[in-house]
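Working notes, structure below.
The values are calculated or read from the model by the stated rules, or taken from the named source; none is laboratory data. Keep in mind that what you see is a predicted model, and the values were worked out from it rather than measured. Neighbour counts run over all protein chains shown; Cβ positions are idealised from the backbone, glycine included. Quick note on the areas: whole protein, heavy atoms, side chains included, nothing else; ligands and nucleic acids left out. Shrake-Rupley method; radii C 1.70, N 1.55, O 1.52, S 1.80 Å.
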Amino acid sequence: MSKKDLIDIKRLPKHIAIIMDGNGRWAKQFGKMRIFGHQNGVKAVREASESAAELGVEFLTLYAFSTENWNRPKKEVDALMKLLVETIDKEVPTLNKNDIKLQAIGNIKSLPENSYKQLNKAIEETKNNKRMTLNLALSYSSRWELTDAIQEIAMKVKKGEIQPENINQDLISSHLETANMPDPELLIRTSGEYRISNFLLWQIAYAELYFTDKLWPDFRKEDLYEAILDFQNRERRFGKTSEQILNA
Ligand code: IPE
Ligand code: IPE
Ligand code: MG
């Protein structure tokens, strides 16, 4: 039996975020270059997107490249950017077939021109799709995003468009890259690392965290189902007592 059958569709997380980690170690197992791991991670991206869309998850955010990843050897960065362009180009028909809208968060203007153009083209070509938003975090880091948002708010204050006393949580959220998206309720990280690595720090304030030892290229639909089942077995208290939650 698939774990899918045990999932309560009425209590799905609306937004799932995944830190796709472990590609390099996966390749190393086979004595291959790190890029071989990235190439094999594409299948896992497809499986995660398809299974999330089939279930009815509304937003899936995938951490594909962090601000800090620019510090990797140039050869790896170049290969990753090339893989990004090739994959996006190839996947657009499937995204359209599955009614999935592509979006991106991060400093995407810092991507090589070709990658930036392809990405925008794919975003444009899938913009009318309705079933799920696949949100790629590219050249993204939370501290970059927060710094950018604070600058933007400060500029508006300077121009008199915002009064400092009117700065509230909703206003801050609306200046983040994820404006118009609900906060992720479930954050998954693969590869057995227990850290957040500068991902969605504001947005995951109350997310349930799920860690698996699986390396990203080995991640399959059943792994997503397992994470969702784990999520559904937790009691989300948001600061209240268990009794308050049970008697609500
Ligand atoms: C995740 O896998 C993909 C990116 C960060 C781009 P890694 O490349 O970090 O693989 P490991 O963690 O070194 O095994
Ligand atoms: C986090 O993975 C970034 C992505 C998955 C894109 P890293 O492999 O870069 O994170 P650290 O360096 O282990 O924290
Ligand atoms: Mg890693």
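Some points to look at:
- Test: residue in the stretch 89-111 that is open to solvent by less than 30 Å² (accessible area, probe 1.4 Å), more than 20 Å from N180 (Cα to Cα), in a helix (DSSP H, G or I) and of a type outside the set (D, E, K, R): yes
- The set of residues from the stretch 26-43 being within 14 Å of ligand 3 (Cβ to nearest atom) and closer than 19 Å to T61 by Cα comprises H38, G41.
- Looking only at the stretch 205-229, residues that are assigned to a strand (DSSP E or B) and either open to solvent by less than 50 Å² (accessible area, probe 1.4 Å) or within 18 Å of D8 (Cβ to Cβ) (or both) come to 2 in all.
- Scanning the stretch 1-53 for residues that are of a type in the set (A, V, I, L, M) and more than 16 Å from ligand 1 (Cβ to nearest atom) turns up M1, L6, I7, I9, L12, I16, A52, A53.
- Residues being under 16 Å from R46 (Cβ atoms) and surrounded by fewer than 17 Cβ atoms within 10 Å (Cβ to Cβ) - total across the stretch 123-143: 1
- Matching entry among E58, E86, E54 (being under 14 Å from the mean Cα position of the chain (by Cα) and open to solvent by 30 Å² or more (accessible area, probe 1.4 Å)): E58
- Residue count for the stretch 153-204, restricted to those that are free of Cβ contacts under 8 Å to residues at least 12 places away in the same chain, part of a loop (DSSP other than H, G, I, E, B) and away from ligand 1 (no atom under 16 Å from the Cβ): 8
- Number of positions in the stretch 5-32 that are in a loop (DSSP other than H, G, I, E, B), within 16 Å of ligand 2 (Cβ to nearest atom) and over 21 Å from the mean Cα position of the chain (by Cα): 0
- The numbered conditions (1) open to solvent by less than 80 Å² (accessible area, probe 1.4 Å); (2) over 16 Å from S66 (Cβ atoms) are all true for M155 except (1).
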